[in-house]
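Just below is one structure, and these are the notes that go with it.
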Amino acid sequence: MVVFLVLLVLIVPLAMLVGAWLFRSWQVIYYGVAVVCAYVFGMISVVAIYRIIHDETVFMTNIHAVFQNNLFLLSGAYLGSYGIYMLQYWTLKQLRRD
């Protein structure tokens, strides 16, 4: 399973880079999905922290319940892949300029 996850971390951003290079419109879709995922990720985090503060529970033990939220995990996974994709994109853009 670990090998599969490592391969996904390597392959997905490269596939995004190739897709954005071949089809310019995909780049806009990647940006839009990243914005939506950032909002979802942020809202789920805020709600989890608010519940802990409101219920006056122990923060360090109850905050981990957010990791059971599949939407949180999916949006975070996309943001991670998108971040690597953007680093690759900016690096290639800089190399082409030099």
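The values are calculated or read from the model by the stated rules, or taken from the named source; none is laboratory data. Keep in mind that this is a model prediction, so the values were computed, not measured. We place every Cβ from the backbone using ideal geometry, glycine too, and count neighbours over all the protein chains shown. When the accessible area is computed, the model is the full protein with side chains, heavy atoms only, and any ligands, DNA or RNA have been set aside. Shrake-Rupley method; radii C 1.70, N 1.55, O 1.52, S 1.80 Å.
Summary table
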item: The one condition in (1) among the hydrophobic types (A, V, I, L, M, F, W, C); (2) at pLDDT below 95; (3) open to solvent by 70 Å² or more (accessible area, probe 1.4 Å); (4) closer than 23 Å to V9 by Cα that I53 fails to fulfil; result: (4)
item: Among (1) of a type in the set (K, R); (2) surrounded by 14 or more Cβ atoms within 10 Å (Cβ to Cβ); (3) under 22 Å from L87 (Cβ atoms) - the single one R24 does not satisfy; result: (2)
item: Any hit, segment 10-25, residues being out of contact with any Ser or Thr (no Cβ under 8 Å at 6 or more places or on another chain) and either modelled with pLDDT under 90 or of a type in the set (S, T, N, Q) (or both); result: yes
item: Test: residue in segment 35-47 that is open to solvent by 90 Å² or more (accessible area, probe 1.4 Å), of a type in the set (F, W, Y), within 23 Å of the chain's Cα centre (by Cα) and over 25 Å from L5 (Cα atoms); result: no
item: Filter result (closer than 21 Å to V9 by Cα, β-branched (V, I, T) and surrounded by 13 or more Cβ atoms within 10 Å (Cβ to Cβ)) within segment 56-98; result: I84
item: I11 vs. criteria within 15 Å of Q88 (Cβ to Cβ) and either open to solvent by 60 Å² or more (accessible area, probe 1.4 Å) or in a helix (DSSP H, G or I) (or both); result: yes
